[in-house]
Amino acid sequence: MPLTGIDIYKLLPKTNCGECGPPTCLAFAMQLAQKKIELDKCPYLSDEAKAILAGASAPPIRLVKIGTGENEIAIGNETVMFRHEETFHHPCGIAVTITDDLEGTALDEKIEQINNLWFERVGQKVGVELIAIKETTGDPQKYANVVRQVTTKSKQTLILISSNPEIIKIALSICARKKPLIYSANSQNYQAMASLAKTSACPLTVYGNSIDKVAELTTKIKDLGVEDIIIDTGAREILKVINDLTQIRRLALKRNFRPLGYPTIAFTGDGQEQVLQGVTYISKYASVVVCSGSEPWQILPLLTARQNLYTDPRVPLQVEPKVYEIGDVNPDSPILITTNFSLSYFTVEGEVESSKVPAYILAVNTEGQSVLTAYASEKLTTEIITKMLKETGMRDKVKHNMVIIPGYISVISGKLEEESGWKVLVGPREASGLPAYLKQYAS
Ligand code: SF4
């Protein structure tokens with residue numbers, strides 16, 4: 001069980017010197033219990049108190065880093081079961097598998113295909129950060145060849161999949177500098193795998209065929225000096241995976257059960273199953289999802305789900321409120337009104353681009369709310385739109401007198417005309433109607 005503020009207070013010097021920041025030892029203890037302050041802020045702790053409190057103040061799920069430099073991904077260190085309680089902090093990594101039976105052109109093409117699994121969505125780059133190299137042949141040289149090719153031809157961080165420590169050892173001699181994730185230590189090989197993880201300073205996956213077995217193994221591996229651990233309970237059937245991952249998260253967060261206080265990894269099947277499983281595992285509660293298929297249609301739904309889930313629910317994704325020029329605009333170009341909610345803005349932008357009609361988009365500052373929400377909460381009013389039209393100098397940019405508002409707020413068209421002096425046209429309700437609308441406008 002986690003220590004309470006009072007438990008912690010009993011271990012403090014009780015001098016109330018205030019050097020830690022909070023004015024009293026009790027206040028420090030309360031903040032430490034809530035993990036709002038670092039233990040080392042108090043310089044007067046005894047060694048015994050430090051040892052007890054260091055364990056108690058560590059995050060319930062360890063933060064583990066895979067890869068290096070700009071390709072490093074940090075996973076774990078989550079603090080809540082449900083996103084609406086706070087936020088999820090560290091997006092899960094998404095990996096695509098390459099098997100070691102590939103060689104030559106087929107291997108090069110596969111690497112290239114995975115390298116290209118990056119997309120722009122609502123103004124952010126999203127993509128596959130990891131390549132999982134899976135040993136299937138039992139041939140160390142074939143495995144080493146694939147590791148070498150991937151290391152040379154891709155920036156992605158690696159997961160080395162083999163239960164044979166000799167094969168992992170050879171692979172690490174090629175790519176340890178990229179700090180790959182080693183997969184995996186089991187009850188048979190854990191001493192050799194732990195030794196490799198320790199000497200190479202790489203994180204290690206612990207594989208057991210149940211939660212209990214995993215907890216036993218993580219304890220043994222931690223005693224061997226490996227701290228950066230990722231958990232796999234061996235489940236591959238979707239319901240069992242959800243059950244295991246949920247139990248692990250719950251035991252780590254609610255019971256502070258240290259042997260399971262690590263990030264987790266899950267594996268999908270291929271085909272459409274990959275989409276269903278991948279999105280499910282991202283939601284609950286995989287820290288890394290390893291996919292079999294590498295087709296964009298299999299990957300994009302996972303990237304979208306991850307992007308949606310790992311945003312702060314208290315802060316809507318938004319773009320800078322300003323005038324955006326889409327295409328080669330001129331004084332005859334139409335002016336479209338939308339909000340600065342990312343999804344609204346980028347949907348409109350995409351449709352304008354596909355219409356090939358250059359246009360101005362006025363992204364009104366609605367604090368990241370969509371059109372209807374902003375209208376309902378009075379953040380997209382005639383006054384606000386009029387003010388923005390003035391402040392952005394739209395009169396000087398065009399020689400016509402027309403603005404296009406979203407169809408959903410057609411009700412404000414009359415009032416907006418009166419207040420702004422612009423002629424107000426009502427556009428389509430959905431952005432998907434814009435290409436046809438703009439072509440008609442331009443003709
Ligand atoms: Fe108490 Fe240590 Fe903070 Fe001083 S620095 S008030 S001794 S907790």
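Some observations on this one:
- In the range 201-227, the qualifying residues are those that are surrounded by fewer than 20 Cβ atoms within 10 Å (Cβ to Cβ) and either in contact with a Lys or Arg (Cβ under 8 Å, 6 or more places away or on another chain) or of a type in the set (S, T, N, Q) (or both), and the one that is nearest to residue 252 (Cα to Cα) is 219.
- Within the range 27-44, the set of residues being among the hydrophobic types (A, V, I, L, M, F, W, C) and more than 7 Å from the ligand (Cβ to nearest atom) comprises 27, 29, 30, 32, 33, 37, 39.
- Considering 418, 430, 349, the condition of being within 30 Å of residue 314 (Cβ to Cβ) and either out of contact with any strand residue (DSSP E or B) (no Cβ under 8 Å at 6 or more places or on another chain) or without any contact (Cβ under 8 Å) to a residue 24 or more places away in the chain (or both) is satisfied by 430 alone.
- Residue in the range 13-26 that is open to solvent by less than 80 Å² (accessible area, probe 1.4 Å), more than 10 Å from the ligand (Cβ to nearest atom) and either in contact with a helix residue (DSSP H, G or I) (Cβ under 9 Å, 6 or more places away or on another chain) or of a type in the set (Val, Ile, Thr) (or both) present: no
- Number of residues in the range 391-419 that are assigned to a helix (DSSP H, G or I) and either of a type in the set (Phe, Trp, Tyr) or loosely packed, with under 12 Cβ neighbours inside 10 Å (or both): the value is 6.
- Residue among 211, 299, 248, 230 that alone is touching a Cys at 6+ places or on another chain (Cβ under 8 Å) and β-branched (Val, Ile, Thr): 299
- Look at (1) open to solvent by less than 80 Å² (accessible area, probe 1.4 Å); (2) over 30 Å from residue 247 (Cβ atoms); (3) more than 7 Å from the ligand (Cβ to nearest atom) and you find that residue 10 fails only one, number (1).
- Tally, over the range 49-70, of residues that are within 16 Å of the ligand (Cβ to nearest atom) and touching a residue at least 24 places away in the same chain (Cβ under 8 Å): 5
- Of all residues in the range 68-82, those satisfying the criterion of being open to solvent by 60 Å² or more (accessible area, probe 1.4 Å), of a type outside the set (A, V, I, L, M, F, W, C) and out of contact with any strand residue (DSSP E or B) (no Cβ under 9 Å at 6 or more places or on another chain) are 69, 70, 79.
- Any chance residue 153 is basic (Lys, Arg), within 17 Å of residue 68 (Cα to Cα) and under 25 Å from the mean Cα position of the chain (by Cα): yes
- Scanning the range 163-183 for residues that are open to solvent by less than 10 Å² (accessible area, probe 1.4 Å) and touching a residue at least 24 places away in the same chain (Cβ under 8 Å), we see that the one that is farthest from residue 73 (Cα to Cα) is 167.
- Residues within the range 355-390 that are open to solvent by less than 60 Å² (accessible area, probe 1.4 Å), closer than 20 Å to residue 122 by Cβ and assigned to a helix (DSSP H, G or I), tallied: 3
The values are calculated or read from the model by the stated rules, or taken from the named source; none is laboratory data. Since the model is a prediction, treat every value here as computed from it, not as a measurement. Backbone-built Cβ (ideal geometry, glycine too); neighbour counts: all protein chains shown. For the accessible areas, the whole protein counts, side chains as well, though only heavy atoms, and no ligand, DNA or RNA atoms are used. Shrake-Rupley method; radii C 1.70, N 1.55, O 1.52, S 1.80 Å.
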